[in-house]
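Asks: My structure is below; once you've seen it, I'll send some questions.
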Amino acid sequence: MYKVRLKFAKNDYSAYISHLDLMQTIQRSIIRAGLPVKYSQGFNPHIYLSILVPLSTGYQSEYDLCDFELTTDAPPADMIEKLNAALPHGLIALEYRETKTPVRDIGFCAYEIQYNSEFSEKAAPIFAREVKILKHSKRGDREVILNDYINEISFVADKDGKLLCKCILKAGDDPLNPAYITDVLRFHNIVLQSDRPMYIRKLVLDKNREVFF
Amino acid sequence: MDYKIKQCLDNVRKPARYTGGEFGSIIKDKSKIECRFALCFPELYEIAMSHLGSKILYSRLNAMENVWCERMHAPALDMEEQMRENAVMLYGLESKDYAPEFDIFGFSLQYELNYTTVLNMLDLAGIPKFARERTALTPLVVAGGPCVYNVEPVVDFFDIIMVGEGEENLPELTELYIKAKRENMDKHSFLMEAAKIEGIYVPQFYHVDYSEQGTIQAITADAGIAPIVKKAIVRDFDKAYYPETFVVPSTDIVFDRAMIELFRGCRRGCRFCQAGYTYRPIRAKSAETLTAQAKSLVETTGYDEISLSSLSSSDYPQLVPLCDNLLGYCDERHTNLALPSLRADSFNLELMENIQKVRKSGLTFAPEAGTQRLRDVINKNLFESDLQDACKIAFQAGYNSVKLYFMMGLPTETDEDLLGIGEVVKNVIYNFKMNGKNKSRGLKINVGVSTFVPKAQTPFQWVGQTTREEIRRKQDFLRDNFKIKNVQLSLHKSDSSYLEAIFARGDRRLSAVIYEAWKNGCNLDAWDEHFQFETWMKAFETCGIDPDFYAYREPAADEILAWDHIFSGVRKDYLRQEYEQAIAGVATPDCAHGCRNCGALELSGGVKCDV
């Protein structure tokens, strides 16, 4: 038995594959790659697969993680190549290791948000003050202090002079969707209502802000 | 990423339907391509991607080095709104290039209620809808699919109709197009050349004259054009082109599995069934070929289910050896083997048990009519004892769920026949009480009763559809007499069946109505939530056409029918003979009991059917 933790990227149009669809997509890719994967028992056997940090539909990711198990003691030497030949466009297998770190260690995610609006110096000061938002979750809506969920946030102008946000946001049990940052910027008219930003997850970090793998 | 497309995708439900990029989708180098073909399916992605015929043509065309075939589907309403707002034209899923970059647009006509969606897609593609408005060689707009057996209501929109199987003649047409493009041929000359290809119907070369009563007086072909268009078939079906792999969607669709096609045509000759006649002669693939095709698909796609598809899979002569070949293989790979389209009179429990080892699906039978008398009229050739025997075996083995399909509005039908449906259902329930293995779990029955639509190229093309009022009365009658516990009864909305009937036996004069209906917002008519019956009726009124003329009329035996110039493989006189047998209540045995000489052997060059 070898527990694989796979690091993969979700680029370009593959961003639009929803979380649930991503499960089936990766399962089928594993079968196409011919990997000796472990199936569940019972009436309807399926591949054990867990995608560690769900991503909203439409978001890209340079750093995504999933776990699955092989029935062999070691993975095939060219597992990454085999997977890449079997994955649809935009999904890229990057590297793997044996699963050691538990999911509960995940603390933060680093994002880049690429806006289509002009860079503004007014953006950064907003988040230096206390910002209250209504945070939606399965348990209902709660008014929270946005700043509690932001570990780091900065704004720069990209090469075209457009607004680019780099931030580290809380992940895990009570994660913050970067869309809330955009909501606040829209509220302050820094970002146009019609602007459809590109969200890219850059890294997954543990509770000590070290890279989580 | 195209920013305008991204704008659309961020604002719609299920955006993965519009992104392409799926595993197996083909990307080519534009600079090496001489013909860009758009395979257009006039429905949403979920429906389009479930269609086997499109997969076959997609692969077949892309096997041509200088041709790039991409998919174009109908956007849902929210996506269409975004596209129009953001100036995004209909685009190929593979390249995201907009329609003006394409040469040929090939539409698959599966269902009459897709016609306005065809027009809507042409609109989104910036293509003039009427063939007479398209004077240049490019864009070329062609169509194929089951509706071609009476395609007259939409011929005004297409340059070419492909009647029959496209595996061979579609590449031939595409080669001819490339040659025409290179030589700067004008459209008319190209169409004259195309008309020589088997199965190609160029509507503008045929002219229809109408009598004072509104019936057809004559259908005349231009000089040099064959008066009858003969359907194209692949003669050696075992060697027919078949894809080694499929595009695997990255999102949910309706039928998401590997499929192999066991055989084409059907020997049963049920008189209402257009497909059974129009896919003749009956040609089967060998178990070896199918086994290889199944394995190739499963290994390259990663699918965990294979469907053995055909019109009547239990009639496939080599079914047992095929299943023997596949069962061990599927077991090892945790792959399910699905066998849809089984008949109750050839129900084999051992087979069912074996193939559904991985995942048990439900049991479905289609008696179609509630009494033997009516079953003989429609030539279903199924005795209730067959059905009950099949149910008994299944119930004893532990099945406790069954689906039964019937139709109403069949010719010569009486209320007694409708009551017969209830009797059949009650007998199935009693059967379960006597034989059910797990009686405590109870029996779940779903009964579907759809509305009969007379189809062209069948013996019932001379039958008028039952009126909407009468259908509603029958539906009320059924509901009132069907108060059986634990039985789910589903009935079809009569309005869309009425519209289907109009186009199924319609003629060229209807194109104005379809255009008018589309102009006034009709689109995605196959979906209940989008079907606008009132708008359709207004369109008929505006165009001065009486819809009842098409839906309810019973043409005389010697009347020229709008589709008489299309030969589907079954001769008109054979169909008339079958019609007369139906009215007399006499069944015709199936082809396995001896060739009926329906005319199909004319297409196979005398080679007998595989029964």
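The values are calculated or read from the model by the stated rules, or taken from the named source; none is laboratory data. It should be emphasised that the depicted structure is a prediction, and the values quoted were computed from it without experimental measurement. Every residue, glycine among them, receives a Cβ derived from its backbone with ideal geometry; neighbour counts consider all protein chains shown. For accessibility, only protein heavy atoms count, side chains too; no ligands or nucleic acids. Shrake-Rupley method; radii C 1.70, N 1.55, O 1.52, S 1.80 Å.
Asks: Can you give the alpha-carbon Rg of the range B:500-590 over 2.2 N^0.38 Å, where N counts its residues?
Replies: Cα Rg divided by the expected 2.2 N^0.38 Å: 1.37.
Asks: Computed over the Cα atoms of the protein assembly as shown, what is the convex hull's projected area averaged over all directions, in nm²?
Replies: For the Cα atoms of the protein assembly as shown, the hull's average projected area reads 38.2 nm².
Asks: Next question, about the same structure. Between the DSSP loop rule and a limit of at most 12 other Cβ atoms within 10 Å, which chymotrypsin sites (Phe, Trp or Tyr not before Pro) in the range B:334-437 are left?
Replies: Those that pass, being in a loop and sparsely packed, number zero.
Asks: Could you work out the relative contact order of chain B, using alpha carbon pairs under 8 angstrom and six or more residues apart, expressed as a whole percent?
Replies: With pairs under 8 Å counted, the relative contact order is 15 percent.
Asks: Moving to a separate point now. As an exercise, find the ratio Rg/Rh for the range B:416-471 from alpha-carbon atoms, using the Kirkwood inverse-distance average for Rh.
Replies: Over the Cα atoms of the range B:416-471, Rg/Rh equals 1.18.
Asks: Students sometimes get this wrong: rank B:Lys239, B:Lys295 by accessible area, probe 1.4 Å, all chains present, largest first.
Replies: B:Lys239, B:Lys295
Asks: Bin width 5 Å, alpha-carbon pairs only: give the P(r) of the range B:167-317 as whole percents, running from 0 to the bin holding the largest distance.
Replies: So the P(r) values, bin by bin, are 2, 8, 12, 12, 13, 14, 13, 11, 9, 4, 2, 0, 0.
Asks: What number, in percent, do you get for the relative contact order of the range B:137-184 if the mean sequence gap of Cα pairs under 8 Å and at least 6 apart is divided by its residue count?
Replies: Once normalised by length, the contact order is 37 percent.
Asks: Could you please state, rounded to a whole Å, how far the C-alpha centre of the range B:460-514 is from the C-alpha centre of the range B:209-244?
Replies: 29
Asks: Roughly how compact is the range B:234-368, stated as its Cα Rg over 2.2 N^0.38 Å to two decimals?
Replies: The range B:234-368 yields a ratio of 1.04.
Asks: For the range B:128-206, what value does the Rg/Rh ratio take when both radii are computed over Cα atoms and Rh is the Kirkwood radius, given to two decimals?
Replies: Radius of gyration relative to Kirkwood radius: 0.93.
Asks: Using heavy-atom solvent-accessible surface (probe 1.4 Å) with all chains present, what is the largest-first order of B:Thr542, B:Thr19, B:Thr245, B:Thr135?
Replies: So the residues, ranked largest to smallest area, are B:Thr135, B:Thr542, B:Thr245, B:Thr19.
Asks: Quick one: Kirkwood hydrodynamic radius for the range B:1-97, alpha-carbon pairs, angstrom, one decimal?
Replies: 14.0
Asks: Taking 25 °C and 0.890 mPa s as the conditions, I'd like the Stokes-Einstein D for the range B:178-257 in µm²/s, using the Kirkwood hydrodynamic radius from alpha carbon pairs.
Replies: Once the numbers are plugged in, D ends up at 144 µm²/s.
Asks: Out of all DSSP beta bridges with both ends in chain B, state the antiparallel percent to the nearest 5.
Replies: Taking every DSSP beta bridge within chain B, about 20 percent pair in antiparallel fashion.
Asks: With no solvent and one equal point scatterer placed on each C-alpha of chain A, evaluate the Debye formula and give log10 I(q)/I(0) for q = 0.13 Å⁻¹, two decimals.
Replies: Rounded to two decimals, the profile gives -0.79.
Asks: Continuing with the same structure: With a ≥ b ≥ c the root eigenvalues of the C-alpha gyration tensor of the range B:474-548, is it rounded (a/c under 1.5), prolate (a/b larger than b/c) or oblate?
Replies: Prolate.
Asks: How large a share of the accessible area of chain B, in percent, is made up of carbon and sulfur atoms when the probe is 1.4 Å and the other protein chains stay in place?
Replies: 50
Asks: Largest first, please: the extent of the C-alpha atoms of the range B:211-284 along each principal axis, to the nearest Å.
Replies: Projected onto the principal axes, the Cα atoms of the range B:211-284 cover 55, 31, 30 Å.
Asks: Let me ask you something else. Given only helices, namely DSSP H runs of n ≥ 4 each adding -39500 (n - 2.57), what is the per-residue ellipticity at 222 nm of chain B, to the nearest 500 deg cm²/dmol?
Replies: Taking each H run of at least 4 residues, the total per residue is -10000 deg cm²/dmol.
Asks: For the range B:253-263, take each phi angle, set θ = phi - 60°, evaluate the Karplus expression 6.51 cos²θ - 1.76 cosθ + 1.60, and give the result in whole Hz per residue in order, putting x for glycine and proline.
Replies: Per residue, the Karplus-derived 3J(HN,Hα) values read 10, 6, 10, 10, 6, 6, 9, 10, 9, 6, 7 Hz.
Asks: Give the share of C-alpha pairs in each 20 angstrom bin for chain B, from 0 to the last occupied bin, in whole percents, shortest bins first.
Replies: With 20 Å bins starting at 0, P(r) equals 19, 54, 26, 1.
Asks: Using θ = phi - 60° and the Karplus curve 6.51 cos²θ - 1.76 cosθ + 1.60, what whole-Hz ³J(HN,Hα) does each residue of the range B:180-189 get, with Gly and Pro shown as x?
Replies: Running phi through 6.51 cos²θ - 1.76 cosθ + 1.60 with θ = phi - 60° gives 4, 5, 4, 8, 6, 5, 7, 4, 4, 4 Hz.
Asks: Within 10 Å of each candidate Cβ there may be at most 12 other Cβ atoms; applying that plus a DSSP loop requirement, which trypsin sites (Lys or Arg not before Pro) in the range A:70-149 survive?
Replies: Answer by residue number: A:Lys100, A:Lys122, A:Arg129, A:Lys138, A:Arg139.
Asks: Give a quick list of chymotrypsin sites (Phe, Trp or Tyr not before Pro) in the range A:18-108 that DSSP marks as loop, anything other than H, G, I, E or B, with at most 12 other Cβ atoms within 10 Å.
Replies: Loop-located and lightly packed - A:Phe43.
Asks: Hey, what do the phi angles of the range B:18-35 turn into as Karplus ³J(HN,Hα) couplings, whole Hz, using 6.51/-1.76/1.60 and θ = phi - 60°, x for Gly and Pro?
Replies: 10, 9, x, x, 5, 4, x, 6, 9, 10, 10, 7, 3, 5, 9, 9, 9, 9
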